[in-house]
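So the structure is just underneath, and the comments pick up after that.
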Amino acid sequence: MVNSFFVFCGCVDQASVAVVEKWGRFVRLAEPGLHFFNPFAGECVAGSLTTRVQSLDVRVETKTKDNVFVQLICTIQYRVVKENADDAFYELQNPEQQIQAYVFDVVRAIVPRMNLDDLFEQKNDVAKAVLEELEKVMAGYGYSIEHILMVDIIPDTAVRKAMNDINAAQRLQLASVYKGEAEKILMVKKAEGEAEAKYLSGVGIAKQRQAITDGLRENILNFSHSVSGTSAKEVMDLIMITQYFDTIKELGDGSKNTTIFIPHGPGHVKDISEQIRDGMMQASSSNL
């Protein structure tokens, strides 16, 4: 970082700072640019430091409160404070090792007080605690801690598999609940549809019977007025017998593989007509 052109001249690179000594004693800091030295007076460049932001990855293995071994990967971004570069040059021989030791100490003091789930949720709190400790310590050595990132938390393989299984089971349980709710809604809607269909079918049958009753009543009145000397009962019997024979005809024309046994004869026809008449009268009285 310090390029010597000849005995009395040197150049310090950008983003660097040089440490100048005189007879082995620190004299000054040389910032980037051209500098003149007097080697005959004992001046020399003892070394140089970069002021760029540097990154250090630290892998810490520790145990959580619920006895789960985890590995934490921390990225520490630090730099040399230009004004205190002499402290950084003379005080610490290996700054990376010093930073790593403090990270180990802080992480292994905080993580054992947290459960694994809390560690994932509060990893920024761990990073903040490490940052505060490093800033307090490394400032005295001429270093500034810029950022600390908790890059990754890696539990044991068996623990990760168990966590994935728990997550999968919870999702399956939730899916079963949603599926059951959907089936319940379908069943309720189906039952409501069937009830509505039955209600409408009943309304239709009731209207059909009412129409039949009104038609029969109108036919009886018309027949009674057209044919003198006939009573309503006789007209009703005639209509019922006619419908009876029409029904038998429809059964004979429409049924192919079905055999129906019904009593047939003058007496039976009379009984059937009386039953139909009584039913129609009951229906009419109930509608009224």
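A few notes on this one:
- Subset of segment 118-149 (residues that are touching a helix residue (DSSP H, G or I) at 6+ places or on another chain (Cβ under 9 Å) and either open to solvent by 50 Å² or more (accessible area, probe 1.4 Å) or under 14 Å from Thr62 (Cα atoms) (or both)): Leu119, Asp125, Val126, Glu132, Glu133, Ala139, Gly140, Tyr141, His147, Leu149
- Segment 12-39 - residue that is assigned to a strand (DSSP E or B) and among the small types (Gly, Ala, Ser) and, of those, nearest to Val53 (Cα to Cα): Ser16
- Within segment 23-52, tally of residues that are farther than 24 Å from Ser144 by Cβ and loosely packed, with under 15 Cβ neighbours inside 10 Å: 10
- All positions within segment 65-89 that are in contact with a Lys or Arg (Cβ under 9 Å, 6 or more places away or on another chain) and closer than 21 Å to Arg108 by Cβ: Lys65, Phe69, Val70, Gln71, Leu72, Ile73, Cys74
- Taken over segment 61-88, the criterion of being out of contact with any Pro (no Cβ under 9 Å at 6 or more places or on another chain), open to solvent by less than 60 Å² (accessible area, probe 1.4 Å) and more than 14 Å from Ser144 (Cβ to Cβ) is satisfied by Leu72, Ile73, Cys74, Thr75, Asp86.
The values are calculated or read from the model by the stated rules, or taken from the named source; none is laboratory data. What you see is a predicted model, and the numbers here were worked out from it, not measured in a lab. Glycine gets a Cβ as well: all are built from the backbone with ideal geometry, and neighbour counts include every protein chain shown. Each accessible area value is taken on the protein alone, full model and side chains, heavy atoms only, with ligands, DNA and RNA left out. Shrake-Rupley method; radii C 1.70, N 1.55, O 1.52, S 1.80 Å.
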